1. So how much slack lies between residue A:377 and residue A:45, counting 0.36 nm per residue of separation and subtracting their Cα-Cα distance, in nm?
2. For the stretch A:1-169, what is the Kirkwood hydrodynamic radius in Å, using each pair of distinct C-alpha atoms?
3. Please compute one quarter of the surface area of the Cα convex hull for the protein assembly as shown and express it in square nanometres.
4. Give me A:444, B:12 ranked fewest to most by other Cβ atoms within 10 Å of their Cβ, as a rough exposure proxy.
5. On average, how many beta carbons from a partner chain sit within 10 Å of the beta carbon of a residue in B:184-195?
6. Looking only at the stretch A:295-330, which residues have a backbone nitrogen under 18 Å from a spot 7 Å from the Cα of residue B:268 in the C-beta direction?
7. Before rounding to the nearest 500, sum -39500 (n - 2.57) across all DSSP H runs of length at least 4 in the protein assembly as shown and divide by the residue total; then give [θ] at 222 nm in deg cm²/dmol.
8. Once the piece of chain linking residue A:22 and residue A:229 is laid out straight, how much longer is it, given 0.36 nm per residue of separation minus the C-alpha distance between them?
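Read-outs: derived from the displayed coordinates by stated rules, not from any lab. Treat the numbers as computed from the prediction; the structure is a model and nothing was measured. Methodologically, a virtual Cβ is constructed for each residue, glycine included, from the backbone with ideal geometry; neighbour enumeration extends over all protein chains shown.
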């Protein structure tokens, strides 16, 4: 009888953000669907009420079914035989329940059978699902690949595939190959066009493909013979019904064991081109990845939430030296930091979701009619922010998920090291979040230009200008000081105009920006709801200040020449 | 092959989450302090009906509930999960009913609904725990009944085969239709609400609810007739008012005892006289001895 939505009041707080009014209006095209669909909202309040009610269902399913199933899913995992994958029985049950509740295509518009939900309530679902079972969130979130078909495919492809996704057919994105991981330009899987048949064929191998035996695959393949870089890659959709792809093996992973990670062999597999040739990596994968990164942010936040709760519950129950261990400062400090990091990453997640909602929805409106110049500016503004916040948030939330899972085990002491407690699974599940969909190091690479071009600083300025209750002014003053340090940091690192020096310190710059941004977001959360966020805001800003000061000291006391001590001597090899 | 199924369901106080204010000083249930929920075993019963509907497309499920106005929630909960229709039996004259008066009222409503193949109900409600209403309705309608059902194994136009869960094992029995079955909590739990049905039916209201609440979306009730929930009074089901409610209830509550566990599992006493006297006084006061 647990409900993972209603037991976390933070969700309703984020759902009620003022920007939602504009988002929902755009998403619902002024509620035009009410004429055609009896489940479409009538107005803003009605839409918000629907999100809330549907999220309650998601929360109930996660609390009553997916979470209790998670342990067995972790133990049993999927199996492979004759090239086909079978999910763990409980994974299949999760899918069946969500499918029956028609929660498999939340984001897609009603004409394809979806619920037409904005990103915010959709990601709240992802957050909740992940708290229940991170490995299941992987399978469920891959419905996002349908978004790529929607954005770049033609109308026939949309009509062929999206309704199937809505009805519960799962998807995969087949990008990685043995020699193409972080560097996707090296993808070799071959796509050949048979002119007589007017048909594309795929041949080659993909590796580390999550949910690789999905019904519908998006495949990145080399369509231009003789090319070696990104410009020779195109995006294809492969339908399992046409055959030609077998699962050679599934990986034995450390965590997210419920999600099958497959090695795929493509043997003359028929496929359809999505969008234009040569745009596969340059445009489509980039868009796909941004969506996926948001999904991993939600997954990370869900794991953080689960870890924080596990640690808290244990610390309340576990007694040593005659009292509950939560009474000891060493323990409650850890717990407060865990809660603060969880809340911080969640606040960044939903801020990013709103940016994505704004620009994506405007972009979609632009498919139907010409946008006004004001709307175009609005779209550009939010698109840039989404672009800046996605890598920052993905890096931050996934690192925090790891730290929180680590601390959850620490609070459990010796018991946490045993397989008997949930925190052990969370620790293993968390470990992938800062690796896949771009490692934290690659998130820094994507985020650093928003440090140097000032996107973060500009947004920080906007936060600083927002009205605040006098009680919270002292906390804001800390953030103002942190911002001054950050500005100095940026100056110091960019002044020499040395690429490598910038790369070396990039992590420290991006992290500092992250601390300030998350601090401001929690500050404004607390401004609206002191009871819910004041503690996290205080604790997080104190934590963040310490981190920024550390970065500041490290950077300002370092010289370009120091790099030599870090750099390997490659000449000897 | 399609079936007309009636689900008997009750809104009950959530006695599983009893807080401090659950009982009033006079020992009666403080309904206001307990959240009103769908009686758990009625949900198990509804799942059996939904499953039959899924197996036999075209089947229709009507949820029937008796209670105050807010019991319309039960009808909506049904619609959110896939039932087709709902009837709220509500009237001041139904108030204070024991199981006899309740089963009389329900059976009259069933007669008014008309043609049915199967009635399903939960084994018992968590507030009264009598398990009498289902069997009594069957008796009043003169149809066979199967109690403690765990699963409908087979159903066709002539008969139904049901697995029963008993104390000492499992029993599979058959009976002709129409019939009434009461479903055990050990049956599989009810499916979650469906996201689209939830949005489709969330504004469904009884006439009384529409009058009481100041509704913003008044036009939708003429555009979508299915949003109007049926409400029946004593007169609507042509029931005899004397047999309804308090006057139709021979059950008289003689005494209600409010049992409150004040102490934790054990109590530590010393051997001094004051402590022993204290214990004696306590045991006499709560009538454990004397």
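1. 116.8 nm
2. On the way: mean 1/r = 0.0593 Å⁻¹.
With all distinct Cα pairs of the stretch A:1-169 included, I get 16.8 Å.
3. Details: hull surface 189.5 nm².
Mean orientational projected area (the protein assembly as shown, Cα hull): 47.4 nm².
4. A:444, B:12
5. Shielding by partners across B:184-195 averages 4.
6. A:319-324
7. Values: 27 runs with 404 residues, N = 863.
Computed ellipticity for the protein assembly as shown at 222 nm equals -15500 deg cm²/dmol.
8. Here the answer is 70.4 nm.
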